[in-house]
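Please treat every number below as a calculation from the coordinates, not as lab data. Fair warning: this is a prediction, and the values are worked out from it, not measured in the lab. We place every Cβ from the backbone using ideal geometry, glycine too, and count neighbours over all the protein chains shown.
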Amino acid sequence: NAGVTQTPKFQVLKTGQSMTLQCAQDMNHEYMSWYRQDPGMGLRLIHYSVGAGITDQGEVPNGYNVSRSTTEDFPLRLLSAAPSQTSVYFCASSLGLAFTGELFFGEGSRLTVL
Amino acid sequence: DQQVKQNSPSLSVQEGRISILNCDYTNSMFDYFLWYKKYPAEGPTFLISISSIKDKNEDGRFTVFLNKSAKHLSLHIVPSQPGDSAVYFCASALNTDKLIFGTGTRLQVFP
């Protein structure tokens, strides 16, 4: 099992460009989520999904779009990148709706917006 | 508004001693609490959790304590080892579908 796979690992964008961070999991997890990690701010929840076709907003959703057309994939879209979106992004998945304690994270995607 | 707070950004402990990491939360609706550990250039990994119906959970060298009246939890690592050097995040689950993380505490265990 590969677990949670994020691509790309590194990306540099110019202000106003768009891009998609890919996230795929092979554990048949219903729950998936995206976090961003910034110095002094910890991990902040951007969007999450409790199953295919269902998404909802987290703590910091502005500037990001998500969709969940399959159980395996949960891409994060930046429609018009801003320097404030420079961050490390983590995708995570979990077995079900109720937390058992195990949220599996990918290795992260470092994004720089110039 | 930070709902989960870790007021100590860093902690330095000698090998073999106890490490105590603290976490405060503001939302009394949180019903599940977790600790995650993160090494550089890796994703966080689950360490230990506790339900709001308990006040202590132990797993080997790691023990989590929950004080609901004070809205406070702590992670004890005994004995601390150099491999424990990492950033530790506490997290609280809300409505079973949102996991809110704290700001993290960087633990350094020195020989």
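Summary table
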quantity	calculated
Members of the stretch B:43-78 that are touching a residue at least 24 places away in the same chain (Cβ under 8 Å) and within 13 Å of another protein chain (Cβ to nearest Cβ)	B:P44, B:L47, B:I48, B:F62, B:V64
Residue in the stretch A:59-71 that is over 21 Å from B:Q3 (Cβ atoms), in contact with a strand residue (DSSP E or B) (Cβ under 6 Å, 6 or more places away or on another chain) and either outside any loop (DSSP other than H, G, I, E, B) or of a type in the set (S, T, N, Q) (or both) present	yes
Output for the stretch B:26-57, where each listed residue is β-branched (V, I, T) and part of a loop (DSSP other than H, G, I, E, B)	B:T26, B:I53
Residues being within 23 Å of B:T26 (Cβ to Cβ), in a loop (DSSP other than H, G, I, E, B) and more than 9 Å from chain A (Cβ to nearest Cβ) - total across the stretch B:79-111	1
Unmet requirement for B:Y32, which otherwise passes all of (1) over 23 Å from A:V88 (Cβ atoms); (2) surrounded by fewer than 17 Cβ atoms within 10 Å (Cβ to Cβ); (3) within 12 Å of another protein chain (Cβ to nearest Cβ); (4) in contact (Cβ under 8 Å) with a residue 40 or more places away in the chain	(2)
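Rundown of residues vs (1) away from every other protein chain (no Cβ under 11 Å); (2) surrounded by fewer than 16 Cβ atoms within 10 Å (Cβ to Cβ), yes/no style:
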position	(1), (2)
A:Q11	yes, no
A:D26	yes, yes
A:G51	no, yes
A:N65	yes, yes
A:T86	yes, no
